[in-house]
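Comments concern the structure below.
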Amino acid sequence: MRLFAALVPPDDVLDELAQAIAPHVGQVPGLRWPARDTWHITLGFFGEVPERVLPDLETRLERAVRRHPAPTLTFDRFGAFSSTRRARVLWAGVTGDPMSRLADSVRAAARRAGATQTDEKRFHPHLTLARAKTETDLRPLVESLSGFSGSPWRAERVRLVRSHMGAQVRYESLAEWALAPAGQG
């Protein structure tokens, strides 16, 4: 099964993002906008994980998550991978309490449990809003969104999510754990 660990922002914060991008959805040829119920901030992508690994993975992830304080975060900018001029992904950037140690712990826990395809790219906290099959110039779009600043929010839980691939990607939450209260960890 294809798995990842993620933070899911609260609905009111997602409402702000949805409102900011609404005038642009469907306006850029070739840009696909996934359903809002798939929006998340990936902490660790684990790839294909054998079902027998799941119990140990859940135990290790719970342990890792509980050691980290709940960060206060804000969506405050938009950008694109690999660049705004040659983009395949439009994202909303996240700032606030550092999350790289949490992401590192989550990925290490997954590797120790046997998730051998765990992504080792440098952690870049973001929420993917749209994708393109070919490189697309998103400079005008990113520029038009540059005044956005979302409300601060506390990420209190981490989810283990299963991806069901197909014509319409679907996510299934398998488990969820609370981060330590702010100021602890």
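The values are calculated or read from the model by the stated rules, or taken from the named source; none is laboratory data. Note that this is a predicted model, so its numbers are computed, not measured. Cβ placement follows ideal geometry from the backbone for every residue including glycine, while neighbour counts extend to all protein chains displayed. Ligands, DNA and RNA are stripped out before the accessible areas are found, and what is left, the full protein with its side chains, is counted by its heavy atoms. Shrake-Rupley method; radii C 1.70, N 1.55, O 1.52, S 1.80 Å.
Within the range 35-52, name every residue whose backbone N is under 18 Å away from a label modeled 7 Å from Cα of Phe148 along the Cβ vector. Zone members listed by number: 35-42.
Highest GNM mean-square fluctuation among Phe78, Phe46, Phe123, for the chain modelled with Cα contacts below 10 Å: Phe123. Counting only Cβ charges, +1 for Lys and Arg and -1 for Asp and Glu, the dipole size of the chain around its Cα centre is about 580 debye.
Grouping the Cα pair distances of the chain into 10 Å bins from zero gives a pair-distance distribution of 9, 36, 36, 17, 2 percent in increasing distance order.
Surface composition of the range 75-119: carbon plus sulfur atoms contribute 44% of the solvent-accessible area (1.4 Å probe, protein chains only, all chains present). Each Cα pair under 8 Å and six or more residues apart adds its separation to the average, and for the range 18-160 the resulting relative contact order is 38 percent. What residue among Thr74, Ser105, Val158 has its Cα farthest toward the positive end of the dipole of the chain, where the charges are +1 on Lys, Arg and -1 on Asp, Glu, each on the Cβ? Positive-most Cα among the choices belongs to Ser105. Per residue, the accessible area of the range 39-185 comes to 53 Å², computed with a 1.4 Å probe over protein heavy atoms only.
The alpha carbons of the range 17-104 give a radius of gyration and a Dmax of 16.6, 45 Å, in that order. Before rounding to the nearest 500, sum -39500 (n - 2.57) across all DSSP H runs of length at least 4 in the chain and divide by the residue total; then give [θ] at 222 nm in deg cm²/dmol. Computed ellipticity for the chain at 222 nm equals -7000 deg cm²/dmol.
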